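The values are calculated or read from the model by the stated rules, or taken from the named source; none is laboratory data. The model shown is predicted, which means the values in this text are computed figures rather than measured ones. Counting neighbours? That spans all protein chains shown, and the Cβs are built from the backbone with ideal geometry, glycine included. Please note that ligands, DNA and RNA were not included when accessible areas were found on the heavy atoms of the full protein model with its side chains. Shrake-Rupley method; radii C 1.70, N 1.55, O 1.52, S 1.80 Å.
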Amino acid sequence: MTEDRCPGSWCEIHRDRISHNLTLALGLLPKGRRFCAVLKADAYGHGIEQVVPLIQAQDVTCIGITSNTEAYAVRTAGFTGTLIRLRAATPAEITDALGARVEEQVGSLEVAQKLWDLKNAGHPVRAHLALNTLGMSRDGLEIATDQGRITCLAIVKMLGEDVVGICTHFPDNTPASLPTASDLFQDQVSWIIDNTTLDRSRVLVHAGSSLTLVADQPVKTDMYRCGAILYGILKPELGFQTTMELKARIVSLGHYPKGATVGYDGAYRLRSDRRLACVSIGYANGFRRDVQDGAALAIGAQSAPVLGKVSMNTVVVDATDLDSVEVGGEATVFGQTGDTRNMLGKTEHQFRTIMADLYADWGLRNPRVFR
Ligand SMILES: *Cc1c(COP(=O)(O)O)cnc(C)c1O
């Protein structure tokens, strides 16, 4: 949903802040390294067709996606640079993606075979050999085993110079793990270069995400692939700004007596007479049902505690102590209020998950308003 009439809840997308974050991220890039802007999950819920022009405006020449819908949206937006898929694809997806010139990950002989067939049918093919360096065990090829090394050599033999990249994805970016992961990846790349006809100078070696870029640790990679950093959910102390706000409207105000229960199952009971506000956002709009006790919305500059269970499209808050509240007024679930680090931590705790999950979910479940 990108348009709606008088929406009860909506996401405000701040394009200027995405551009600002991109500028800061590019400034952190070590000299000579490339940058891949990761726009999977519809640009982390922000709307991929709206974000592509911002990426192009700063001359970024590589974009990462996962689905074919995203790949075609990026091309439709006019992007002519490198488009990499950041997960393994099915044979059907690979065929369907030909028109968007997607560079595929290859971590198995089956995918290599599929790409080889396409090449023989006259299609240009560009592949990135995906390795399982330190335990993602998601879709990368594990070459710590003899079998894995045999498969690796067979893939490279089959695809030859169509292997234009070697990549991995680190499972964590803590100082305790990152140097080990980086060294191991480097060793694996060297082993491949030494045992195949691949030319290191013609292969893009890439690993590392937003957390790697801000980790302050030297990592051997030709390119960082960054998503989260563009959307301001990491390192606000470096000046990154949150790019999405989630808002809803107060749709009812009423007085309820001491002893009344609130919401389904009567799970909450008023301990005194209260003025309650019903706000038009619920779990169907991404205000999750398993929200933590102590959750709150912002109304004006004040915090309004959530009471009882979250309904499908509404939630009830205690508005008794609010200075200014009226039907039709705004309530903010997540927005640029006060200390950003604090706000990110509170929101992640409140919804028991990480901001990337929330952004992607909110963006899909609500109309988006672009600023
Ligand atoms: C999602 C993803 C990234 C970007 O991760 P962020 O933490 O959002 O920067 C990079 N590489 C791969 C393979 C990914 O799946």
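Tabulated data for the structure shown
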quantity	calculated
Scope the range 304-322; condition assigned to a loop (DSSP other than H, G, I, E, B) and open to solvent by 10 Å² or more (accessible area, probe 1.4 Å); matching residues	GLY308, LYS309, SER311, MET312, ASN313, THR314, THR320, ASP321, LEU322
The range 56-107, residues that are among the hydroxyl-bearing types (Ser, Thr, Tyr), within 16 Å of the ligand (Cβ to nearest atom) and in a loop (DSSP other than H, G, I, E, B)	THR66, SER67
Search result, residues across the range 8-39 that are crowded, with 19+ Cβ neighbours inside 10 Å and either more than 12 Å from the ligand (Cβ to nearest atom) or in a helix (DSSP H, G or I) (or both)	SER9, TRP10, CYS11, ILE13, HIS14, ARG17, ILE18, ASN21, LEU22, ALA25
Residues of the range 108-143 that turn out to be over 27 Å from ASP183 (Cα atoms) and assigned to a loop (DSSP other than H, G, I, E, B), as a count	5
Subset tally (residues that are open to solvent by 10 Å² or more (accessible area, probe 1.4 Å) and either of a type in the set (Gly, Ala, Ser) or away from the ligand (no atom under 16 Å from the Cβ) (or both)) for the range 41-53	4
Filter result for the condition that a residue is open to solvent by 50 Å² or more (accessible area, probe 1.4 Å), under 21 Å from ASP117 (Cα atoms), β-branched (Val, Ile, Thr) and without any contact (Cβ under 8 Å) to a residue 60 or more places away in the chain, over THR61, THR80, THR95	THR95
Of residues in the range 323-339 being open to solvent by less than 30 Å² (accessible area, probe 1.4 Å) and either part of a strand (DSSP E or B) or more than 23 Å from LEU276 (Cα to Cα) (or both), the one nearest to the ligand (Cβ to nearest atom)	PHE334
